[in-house]
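Okay, structure first, notes after.
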Amino acid sequence: MTNQKPQKLIPTDTGPGEDVAWGMVSTLVAGPLVWGGIGMLIDSLVGTTRIFLPLGIVLGFVVSFYIVYVRFGRETETVQEEK
Amino acid sequence: MVANSIAMHLQSALPAAGGDGEGFKAPSISEFFPGPLLFEGTIFELSRINAIGLFMTGVLCLFFVLAFSKNKFVPRGIQNLGEMAVEFVQVQIIDEILGHKGPRYAVYLTSMFWLLLAFNITAILPFMHLAVTSVIGVPFLLAMVSWVIFNVEGIRANGPGTYFKANLFPAGVPAPIYILVTPIEFISTFILRPVTLTVRLLANMMSGHLLLVLFFGATQYFLIESDGIMKAVAIPSFFMGFAFTLFEILVAFLQAYIFTLLTAVYIDGATSAEH
């Protein structure tokens, strides 16, 4: 290996930052997808037309935001309090 | 006004596309499915995109074999380049994200970064002009390998119980709420992670290729097949194509970097003690 180490091009927090951003996106997509899907399934089983699907999507969004708050929001609050 | 005129000109030419070979040929999804090159009709059928993939893999293997076959204490020539290549991934990704856990995954992550860069950069290389990663198979396969690695390593480091509990049951949530939360966490962590890795890379390389084909196709059309003042439109079209070619170099590098970085982040997250 060469003696001189290359300079770091990327700031230290880039990695986890990327992870947080994509973690949030995938959670916000997964919520409506999962609960909207379950809603659609209930709709087809019960015989209703598009009642449980929108309810599921809204529920999914709400739970997704809650997960984002639990996973990422609280950590940020803790870090800010420590500072 | 000018833009409208150009758009109308292109639109009027569109019906001719694919007909007798004249007129403006708009890029389509068929760009990514070139016809067979060798062994047509057999299970070894090789398209242009497969051939480019094999060629770039060969070039990469040859480079690293030549770089490290005769190791010297003070590196010279190609060994220097090889060490720079390895050290880049080591410093920018492995040390940065994985720290002391890094050496275990160094071979995989270094190979992945340079393989992805080699596959992405073919989008702008003369005589190739098609990124191997612009068909879903390659990014999906690599994403699945990363998915298997971070899950296996997570289970190995923490035990299956702790690993799945940490990923599916986030701390600080009242127990009844897990009925709502756990299915979302399952889809988000175990299904959407490889999907987002695949789609991010695929979409970037596909859109880059379509833009290049669009601008250079328009340049050729305006220069050769249109009349009068419309020929002048070839100049800005060419410069846009040139600008996007330079931009594609950045995208090729950045996408290889992000894919490898996120794999490292997932491995780190899966194996960390806090999970």
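Key figures for this structure:
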item: Alpha carbon Rg of the stretch B:146-213, scaled by the compact-globule rule 2.2 N^0.38 Å; result: 1.53
item: Simple spin-label estimate for B:L38 and B:R76 in nanometres, 7 Å along Cα-Cβ; result: 3.7 nm
item: Computed helical MRE - 222 nm, chain B, DSSP H runs ≥ 4 contributing -39500 (n - 2.57), nearest 500; result: -21500 deg cm²/dmol
item: Cα gyration tensor shape for the stretch B:26-78, rounded if a/c is under 1.5, else prolate or oblate; result: oblate
item: Length added when fully stretched, B:R48-B:V91, from 0.36 nm per residue minus Cα-Cα; result: 12.0 nm
item: q = 0.13, 0.16 Å⁻¹: log10 I(q)/I(0) that the Debye formula gives for chain B, counting C-alpha atoms only; result: -0.98, -1.21
item: With eigenvalues of the C-alpha gyration tensor scaled by 5 and rooted, the stretch B:39-137, Å; result: 29, 17, 12
item: Rh (Kirkwood; distinct C-alpha pairs) - the stretch B:79-217, Å; result: 17.7 Å
item: Percentage relative contact order, chain B, counting C-alpha pairs under 8 Å, at least six apart; result: 23 percent
item: Residue-wise HN-Hα coupling along the stretch B:52-57, computed from phi with Karplus coefficients 6.51, -1.76, 1.60 (Hz; x: Gly, Pro); result: 4, x, 5, 4, 5, 4
item: Amide H contacts of B:S47 (H built 1.01 Å from N, under 5 Å, at least 5 apart or other chain); result: B:L37
item: Top of B:V59, B:V251, B:V89 by mean-square fluctuation, Gaussian network on chain B, Cα under 10 Å; result: B:V59
item: Length gained when the stretch B:L223-B:L141 is fully extended (0.36 nm per residue, less Cα-Cα span); result: 25.4 nm
item: Point-to-point label distance, B:F63-B:Y108, nm (Cα→Cβ direction, 7 Å offset); result: 2.3 nm
item: Relative contact order (%) - criterion: Cα under 8 Å, at least six apart; region: the stretch B:168-275; result: 21 percent
item: Shielding by partners, peptide B:185-192 (average Cβ within 10 angstrom, other chains); result: 6
item: Charge dipole magnitude, Cβ of K and R +1, D and E -1 - chain B, Cα centre, debye nearest 20; result: 620 debye
item: Formal net charge of residues neighbouring B:S69 (Cβ-Cβ distance under 14 Å; K, R +1; D, E -1); result: +2
item: GNM result for chain B, Cα springs below 10 Å: residue of B:I43, B:I187, B:I149 fluctuating most strongly; result: B:I43
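Since every read-out is calculated from the coordinates, none of them should be taken as a lab result. What you see is a predicted model; the values in this text were computed from it and never measured. Note that we place each Cβ from the backbone using ideal geometry, even for glycine, and neighbour counts take in every protein chain shown.
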